[in-house]
Every structure is written in structure tokens, then in C-alpha cells.
1. Per 0.36 nm of contour for each residue apart, how much would the distance between GLN78 and LYS34 grow if the chain were fully extended, relative to their Cα-Cα spacing?
2. Straight-line reach from LYS270: which lysines fall under 26 Å, measuring Cα to Cα and dropping same-chain residues less than 8 apart?
3. Highest mean first, how do 54-61, 11-18, 344-351, 305-312 rank when packing is the count of other Cβ atoms within 10 Å averaged over residues?
4. Ranked from highest to lowest mean number of other Cβ atoms within 10 Å per residue, what is the order of the peptides 334-342, 366-374?
5. May I ask you to evaluate 6.51 cos²θ - 1.76 cosθ + 1.60, the Karplus curve with θ = phi - 60°, for each residue of the range 34-49 and list the ³J(HN,Hα) values in order in whole Hz, giving x for glycine and proline?
6. For the chain, what does the helix formula give at 222 nm: sum of -39500 (n - 2.57) over DSSP H segments with n ≥ 4, over the residue count, nearest 500 deg cm²/dmol?
7. Amide H of GLY70 versus every other amide H placed in the peptide plane: which residues, excluding those fewer than 5 positions away on the same chain, fall under 5 Å?
8. In whole Hz, what ³J(HN,Hα) sequence does the range 79-90 give by Karplus (6.51, -1.76, 1.60; θ = phi - 60°), x for Gly and Pro?
Amino acid sequence: MIVEPVIRGSLCATSHPEGCVRNVEEQVQYVRGKPALSKPSRVLVIGCSSGLGLASRITAAFGARASTVGICHERPGQPGRLGTAGWYKAAAFEEAAQAAGLSAYTLVGDAYSEQVKRQTVELIREKLGKVELVVYSLASPRRTDPVTGQVYTSTLKTVGPPFTEKAVDFKTGEVSRMTIEPATEDGIRQTVAVMGGEDWELWMKALEEADVLERGAVTVAYSYLGGERLKPTYRGGTIGKAKDHLEATAKILDARLRRLEGRAYIAVMKALVTQSSAVLPMSSLYTILLFRVMKEKGLHEGPIEQAYRLFSERLYGASPVAVDEEGRIRLDDLELRGDVQEEVARRWEQVTTENLPRLGDREAFYNEFLRIHGFAMEGVDYSRPVEPVRRIPSVPGP
């Protein structure tokens, strides 16, 4: 198959197998070029096939030579039919890990389900014994309650009155004003059920009760705050309600894990291009402006740079781990620097369709979006046919 990006709305419907391999290779090379880490040695990554979850797994494996178990819900390719980008990246990670003599096991299934939790416990017990780090990095638009069977669907809306502000179509660069309508109470409730901390707590309970958590184990989940421009649609919106619940859950888990000499953390990361962030046109405009400003100041980071800094400077750097007044690890420190935010705010007031190429970096944002799906990768010949069937070595074949 010759594969090209097919973009529908804010989603890419295709993925490039070779491009996904190259994506993983670049991240591995970055970590290998950094000082080695002494920890962790046995890691579970829940949501391991893209973004910060994949970057965390790569950092643990190739930075600390950790044995890893990864959970993802991806679709394999078939003859004449492409799989998801996450499948190809999980396969590429395992192949790279095997070549480096590292132990890596991937379980494909619905991480919200009780069945996958049980299977994960069995896999850890058999292959790793116990884990000392649990990374929770799930991102999904819906979740099925494992007890009631109810399906919750998240919504990205404001809480309160309608909100109108500048936004951008990241594919065309057109800047316009957009209005986001407020969510209903049920919409807020369902978003919290999908993106809050309930499932994270269920995972940690299952791991603790099965006695597969090492004494002193650490767990971390990812969150985001953002600049002032994003408050009405992010921390002041439905996703913010979910993040509030996630952060409240971290405190509950931290109190529980302290009894085992462990800890639970929220890591607040910088603005990144992810499959979900591209859905928010106002966030996209902010990120496009931010990218240009941070690059001009030599401060720009992507997922792998953020993950490596989290491991090397925070989780396994100085002791005790540096946190803010809410107990959160802050990796958005460079984004929220006063000079950065002042310059982003100045450009926001000025930005139009015509001057966006000068004030922001839409091309970099768009290319990062394509790179998630294996496109726009240097060194890949996209005119050549590719085989859509790729195996994840540890996953049983058909």
C-alpha cells in the first residue's frame, strides 16, 4: 500500500507503518544520547502507545534499561487495511527493546475493563514479579464503567456562559472567532467519569491487592494547566473538572501509598501536540504561538524531552521530589515563565490569518500532528508501498 494522510476534521484517519517506526527510533535516539538513569527497573505504563505514555516507556527502557509492561487499545493492520498508529508504534518499541536486550511486554485491550486489569496483574506477576513505577497516561473519548456497564462520553466545553475567543484551523491557518457552548451537568459528570481519576484509583487498588507493587512504588498521572488564555476552555471547562478530580485522586492514592513508603504524583506538563489537543481550536492557537515563542527562547520541548526531564530531574533526581503547594510536579515551568506568557499574550492580541506565519509556528504544529500518525518524518520515502501487517512481538498472533 502507498499511504497518505487522510484528515477528517481534527483527526487523521490513516497511519504510516514505516513513519511510526521512525517516530519511535527518533525518541529512542534522544534518550540514548542523554545520561543514563539509575531507576526505575520495572515499570507499568497504562496508555503506552502514543504521546507521554510512549515517551515514558521509552525513557524508562532506554534510559534506565527497565523491564516494561505496556497497556494500549489499538487495532492491528490486516492485508489491505491499515492498523492504528499506536499499534505500529507499540510494535516498533518492542522490536527496539528486544534488539537492545530489554524485556518488554504489551497487552492490547480496554484498560478500563476488569479483564485487562486481571490480565495485567498476571503478566506482571509472571514476567516482572512486581513494579516500582506505574505511569497512568490514558486518553480516550469514552469509558465503559466496569461495574454498571454504563458508557460515559467526554465533552470539551465550557462551564458557565458561552465563551467566544480567537481560534485557528490548524490545517489552513485561518484565524477566526469561535464560540464554545457550556456543558450540561450530565456532560460535566460524564467527562469526569472518563478523564478523572476513578480508573486510576481502580488500577492502583487492583495492583495493591494483587501484591504486585514493590514497596516504595511510585505512580504518576499527567495533567495540564496552561496560560490565562486557556482557562475558560481548559481548567475552567469540562476537561478542567476532570483534571481537578484526577488531582484529588492523586492525594487519596498518595496517602495510601505512603503506608508502603511509596508516593502518588500528578505531573503537570507543558502544552504538547497530541491527538486530543488538536480538537480544541483555541488551544491549538495558543500552542502555535507558544511553540514559536519557546523556540525563539531556546526552551521548546516535546513529549520525549518532557518525559526524560520528569524522570531525570524530578522522579529520580533530587530527593525529596520537588512539588508545588498542591503537591504536583511541575514540568510546565518553562511554558509559564513570565517572559514567555507575556510574549504569547502580546502575540495573541495581534494575531490574524495573515500574520500567523510570523507570530506563530503553525507548520511545526501541523507537522507534529502528522508525525503522531507516522507522516512528515525525515528519512521515510512516502512514495514507496508499505506492508500494513506488523506484529507486536509479545502479542499473540491470529
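1. 12.1 nm
2. Answer for LYS270, where 26 Å is the Cα cut-off: LYS34, LYS39, LYS89, LYS157, LYS166, LYS171, LYS231, LYS241, LYS243, LYS251, LYS295, LYS297, listed by chain and number.
3. Packing proxy ranking, top to bottom: 54-61, 305-312, 11-18, 344-351.
4. Result, highest mean first: 366-374, 334-342.
5. Result, ordered by residue: 9, x, 5, 9, 8, 9, x, 10, 9, 9, 10, 10, 9, x, 9, 9 Hz.
6. Rounded to the nearest 500, the figure is -12000 deg cm²/dmol.
7. Here the answer is VAL45, TYR105, THR106, LEU107, since their amide H atoms fall under 5 Å of that of GLY70.
8. Coupling constants for the range 79-90: x, x, 9, 6, x, 7, 4, x, 4, 5, 6, 5 Hz.
Values quoted throughout were computed directly from the atomic coordinates according to the rules given, and no laboratory measurement underlies them. It should be emphasised that the depicted structure is a prediction, and the values quoted were computed from it without experimental measurement. Methodologically, a virtual Cβ is constructed for each residue, glycine included, from the backbone with ideal geometry; neighbour enumeration extends over all protein chains shown.
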